[in-house]
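Quick notes on the structure that follows.
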Amino acid sequence: SAYSEFEYAREAISLGVENYLLKPLEMEELEQTIKRALENIYSNRSEQWLTYSNTLLRWTTGAISADELADRATHLGINLYLPEYASVCVQRRESVSLASFLEKCQREFASEYTLYHCRDDQGHSLMVLVGKKINLPDVARRLNALAQEAGVAQKVRIALGPAIDDAENLAESYQSAMNSLEMNAACTEKSVLAQEEADASGG
């Protein structure tokens with residue numbers, strides 16, 4: 001703006017304006033202002049993503065209290081009020097990018113489920129499926145097709161935990177999926193371990 005009165009600047013700052021410049025503009029000052037604004041945006045996004053990812057991981061592994069989970073879920077847009085929840089653990093057999101596969105999963109399941117994604121401390125990619133009714137055999141079939149389509153079927157193993165009906169007990173589904181990966185460590189024939197198969201192999 002061409003205004004130099006402080007009232008305008010104060011009002012702009014109160015509205016969350018990153019900075020304000022007076023005319024005539026100096027190109028270098030404009031470039032630096034834009035650069036700082038972008039850095040702040042990316043920094044804030046990064047911090048928010050870390051909070052989101054950390055909350056998802058603690059929820060999945062059972063390392064968060066019910067009160068804290070409810071509080072964080074409200075701020076992060078995590079739905080804790082649907083009938084069923086299931087964990088999906090993706091373990092790399094070899095070094096491979098899972099970006100394409102995870103993106104395909106997001107698109108594939110979006111019409112039926114809400115899908116959240118994070119990583120655990122062991123490097124597994126974790127997905128949480130949330131919905132009215134989770135059809136595990138159908139999810140397993142579709143995950144297998146998506147892994148084939150993304151070219152990672154021979155490079156990963158995917159285990160599904162059972163569907164549970166209480167968001168606070170999601171860790172049970174995660175632990176079951178992890179146990180399935182462990183019990184089937186030598187299995188190379190299948191990319192996706194459906195819960196029924198994992199239960200059967202575990203005796």
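Just so you know, all these numbers are worked out from the coordinates, no wet-lab data involved. Please read these numbers as outputs of a predicted model, since none were measured by experiment.
Observations on the model:
- Interatomic Cα distance distribution for the range 33-191, bins of 10 angstrom, percent: 10, 39, 34, 14, 4, 0
- Shape of the range 31-123, Cα gyration tensor, a/c cut at 1.5: oblate
- Reachable lysines from K23, criterion Cα separation under 30 angstrom, eight or more residues apart if same chain: K35
- Database remark: amide H of S191 closer than 5 angstrom to no amide H (H placed geometrically; neighbours at sequence offset of 5 or more, or on other chains; Pro and chain starts carry no H).
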